[in-house]
1. What are the residues in region 61-89 that are touching a residue at least 60 places away in the same chain (Cβ under 8 Å) and open to solvent by 50 Å² or more (accessible area, probe 1.4 Å), if any?
2. Give all pairs with beta carbons closer than 6 Å in which a residue from region 19-34 that is in contact (Cβ under 8 Å) with a residue 40 or more places away in the chain meets a residue that is open to solvent by less than 60 Å² (accessible area, probe 1.4 Å) and among the hydroxyl-bearing types (S, T, Y); count only pairs at least 6 apart in sequence or on separate chains.
3. Within region 35-60, how many residues turn out to be without any contact (Cβ under 8 Å) to a residue 40 or more places away in the chain and within 26 Å of L112 (Cβ to Cβ)?
4. Considering each of L92, L97, L48 in turn, give the residue that is touching a Ser or Thr at 6+ places or on another chain (Cβ under 8 Å), closer than 20 Å to V3 by Cβ and of a type in the set (A, V, I, L, M).
5. Pick out, from region 1-60, the strands (runs of 3 or more DSSP E) lying fully within it that include 3 or more residues that are open to solvent by 50 Å² or more (accessible area, probe 1.4 Å).
Amino acid sequence: TNVSYAIPDNDSEGTTMVFDFRRFPALRVEHAVVTATILHPHRGYVALTLVSAQGTRSRLAELHPDINANYESWRFSSVIHWGESSQGEWKLQIADLRALDVGMVTAARLDLYGTDAPQQTHPWLTPL
């Protein structure tokens, strides 16, 4: 998506983008990739968290001492959502964790990779 979301300065709540996967066929997720362009004078001040439809949180970027500017079409990836269903609303939380500099999200995309969601319960997953 091409967007224009302001990132509140020095606010751990930040801004949240929602990706709705309810209209797509269900996948059993193996890999999640967020591609984002975030304009900020100090990209190390920006924290990104991907939250699955089931509520699993994956920290994609932490506060760190990188004083370079911007994430230009940066790819962040995670396998922590392995085995979850793709169905539902996924959220990308973007927070600025230091004062005096403001940022903006200008593009963000979420790609989920996986296999067809199983249609039946397999015997080895059924309790005895």
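1. Of all residues in region 61-89, those touching a residue at least 60 places away in the same chain (Cβ under 8 Å) come to 86-89.
Correct list: Q87, E89.
2. F21/S86; A26/S85; A26/S86; L27/S86; R28/T115; V29/S86; A32/S78
3. First, the residues of region 35-60 that are without any contact (Cβ under 8 Å) to a residue 40 or more places away in the chain: 43-44, 52-60.
Pick out the ones that are also within 26 Å of L112 (Cβ to Cβ) and you get 43, 52-60.
So the answer is 10.
4. Values: L97 fails: closer than 20 Å to V3 by Cβ; L48 fails: touching a Ser or Thr at 6+ places or on another chain (Cβ under 8 Å).
After ruling out the rest, the residue left standing is L92.
5. Values: elements: 2-7, 11-20, 27-39, 46-51.
Those strands (runs of 3 or more DSSP E) span 2-7, 11-20, 27-39.
The values are calculated or read from the model by the stated rules, or taken from the named source; none is laboratory data. Here the structure is a predicted model, which means the values were calculated and not measured. Glycine gets a Cβ as well: all are built from the backbone with ideal geometry, and neighbour counts include every protein chain shown. Please note that ligands, DNA and RNA were not included when accessible areas were found on the heavy atoms of the full protein model with its side chains. Shrake-Rupley method; radii C 1.70, N 1.55, O 1.52, S 1.80 Å.
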